[in-house]
1. Where in segment 43-134 are there helices (runs of 4 or more DSSP H), lying fully within it, with 1 or more residues that are at pLDDT 90 or above and more than 30 Å from Val31 (Cβ to Cβ)?
2. Please list, ordered by first then second residue, the pairs with beta carbon atoms under 6 Å, 6 or more apart or interchain, first in segment 67-96 and more than 15 Å from Glu41 (Cβ to Cβ), second crowded, with 17+ Cβ neighbours inside 10 Å and at pLDDT 90 or above.
3. Filter segment 78-88 down to the residues that are touching a helix residue (DSSP H, G or I) at 6+ places or on another chain (Cβ under 9 Å) and not β-branched (Val, Ile, Thr), then identify the one that is surrounded by the most Cβ atoms within 10 Å (Cβ to Cβ).
4. Kindly list, by first and then second residue, each pair from a residue in segment 100-119 that is in the same structural domain as Val86 (by TED's automatic domain parsing) and under 30 Å from Val86 (Cα atoms) to a residue that is among the β-branched types (Val, Ile, Thr) and exposed (fewer than 10 other Cβ atoms within 10 Å of the Cβ), limited to pairs with Cβ atoms under 9 Å and residues at least 6 apart or on different chains.
5. Given the structure, is Asp138 modelled with pLDDT of 90 or more, more than 30 Å from Asp29 (Cβ to Cβ) and not in a loop (DSSP other than H, G, I, E, B)?
6. For Ser73, are the conditions met, namely being surrounded by 11 or more Cβ atoms within 10 Å (Cβ to Cβ) and small (Gly, Ala, Ser)?
7. Please determine, by comparing only the residues of segment 28-46 that are surrounded by fewer than 16 Cβ atoms within 10 Å (Cβ to Cβ) and among the β-branched types (Val, Ile, Thr), which one is farthest from Pro97 (Cα to Cα).
Amino acid sequence: MKNKLIAAVMLLATAIPAWASEAQPTAADVVLEKRVMTLAEELRCLVCQNQTIADSHAPLAVDLRNQVREKLSAGMSEREIIDYMVARYGDFVLYRPPIKATTMLLWFGPPLLLLLGLWLFARTIFRRRAIAAPLSPDEQARARALLDTRESHRP
């Protein structure tokens, strides 16, 4: 009985870490933390590039979130913080960059490539159909004549 109790305690002790989860950060000011996360969802992680700094766990994203938190605590507005980040890192830091001359390719490049691909696909299909068009009566007669002369020369 004693061995079974020891085995059960050891088994339970090894299972306890499986129940653990990542600690959720607690903020002293819940309103400030909500503002930080709302603003962090508008800024791109410069390391991950396909995530916002709110979603990323990269050290740079954590630093940027901390900067946002500090600047909001210091009384800066969301617009001032975004302007500061753009001045420091360029439009690339914005998760939804504005439409202007330097970002035209970013916004309109993918749709243009899609249209180009569809046009090339359609052109290829129509050319193949044109090649496979039925022969005219003159072309059919020439083809028969060529086949007949070939068969007559076979050994």
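1. On the way: elements: 59-73, 78-89, 104-131.
In segment 43-134, the matching helices (runs of 4 or more DSSP H) lie at 104-131.
2. Qualifying pairs under 6 Å: Lys71/Ile81.
3. Looking only at segment 78-88, we keep the residues that are touching a helix residue (DSSP H, G or I) at 6+ places or on another chain (Cβ under 9 Å), and these are 78, 80-82, 84-86.
The next check asks that each one be not β-branched (Val, Ile, Thr); those that pass are 78, 80, 84-85.
Numbers: Glu78: 14, Glu80: 13, Tyr84: 14, Met85: 22.
Filtering first and then ranking leaves Met85.
4. Close Cβ pairs (under 9 Å, with a partner that is among the β-branched types (Val, Ile, Thr) and exposed (fewer than 10 other Cβ atoms within 10 Å of the Cβ)) do not exist here.
5. Values: modelled with pLDDT of 90 or more: yes; more than 30 Å from Asp29 (Cβ to Cβ): yes; not in a loop (DSSP other than H, G, I, E, B): yes.
When the stated conditions are applied, Asp138 passes them.
6. Details: surrounded by 11 or more Cβ atoms within 10 Å (Cβ to Cβ): yes; small (Gly, Ala, Ser): yes.
Criteria met by Ser73.
7. Val30
The values are calculated or read from the model by the stated rules, or taken from the named source; none is laboratory data. All values reported here derive from a predicted model rather than from experimental measurement. Positions of Cβ are backbone-derived with ideal geometry, glycine not excepted, and every protein chain shown enters the neighbour counts.
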